[in-house]
Amino acid sequence: MKMADSLGIKGASLALRLTFWFALLVIVPMLTTALMIDWKSGNALREKALLQMTMIAKDKSSSLEIYAYERARGAGVLGRIKQLSDACVILQSETATLREVAEAQVNVRKLANYFAPSLGFSEAILVSPKGNVLYQTQNHLVLGVNLLEGPQRDTPLAALTKRALTLLEPDISDFALYPGNETPLAFVAAPIVT
């Protein structure tokens with residue numbers, strides 16, 4: 001009764017007092033229960049969404065790893081083609097004749113134009129062990145430019161070239177967005193073994 005007195009309903013009618021106690025004893029627990037259910041269901045939905053996003057991320061990560069492995073493996077296969085290795089030796093030789101260089105370029109062009117698209121590569125670039133660009137299917141770099149010491153030395157392509165030359169095994173760079181491309185790109189490198 002002290003609570004009813006403090007709220008100013010002491011002299012109120014019986015109906016008003018019953019309504020007050022009904023609200024206090026029924027509606028307040030209902031609101032408390034509704035808030036608890038809302039909080040728990042919100043947490044459950046967040047956990048479910050996080051679990052689904054984690055599963056999607058793992059699936060995409062696995063797909064990306066498989067993709068990268070296939071590309072690195074394809075580059076490794078290219079690096080073991082004798083015709084390509086012979087052509088690279090001629091292209092970096094200072095004593096090769098113009099005719100030999102032209103024949104080597106034709107051989108490399110045939111191989112690159114055949115294998116690069118079928119293995120999923122948008123471009124093929126041959127680089128000497130010293131870092132000089134020997135051949136490319138598209139004209140993005142100047143032939144003869146040095147990737148390791150020239151203006152390209154701080155690029156992901158140069159870093160990948162250094163790694164492939166050091167490890168002597170196929171490798172892939174991180175995917176990144178490059179100017180003029182809407183999708184992320186990565187570089188794949190493999191040593192050419194003679």
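Annotations
- Residue match in region 4-14 (condition: outside any loop (DSSP other than H, G, I, E, B) and modelled with pLDDT of 80 or more): yes
- Of all residues in region 80-136, those being in contact (Cβ under 8 Å) with a residue 40 or more places away in the chain, in contact with a Ser or Thr (Cβ under 7 Å, 6 or more places away or on another chain) and open to solvent by 70 Å² or more (accessible area, probe 1.4 Å) number 2.
- Single residue of region 133-149 satisfying the filter (hydrophobic (A, V, I, L, M, F, W, C) and in a loop (DSSP other than H, G, I, E, B)) that is modelled with the highest pLDDT: LEU148
The values are calculated or read from the model by the stated rules, or taken from the named source; none is laboratory data. Nothing here was measured: the structure is a model prediction, and the numbers come from that model. Because the Cβ atoms are built from the backbone with ideal geometry, glycine has one as well, and the counts that use them run over all protein chains shown. Note: areas computed on protein heavy atoms with side chains; ligands, DNA, RNA excluded. Shrake-Rupley method; radii C 1.70, N 1.55, O 1.52, S 1.80 Å.
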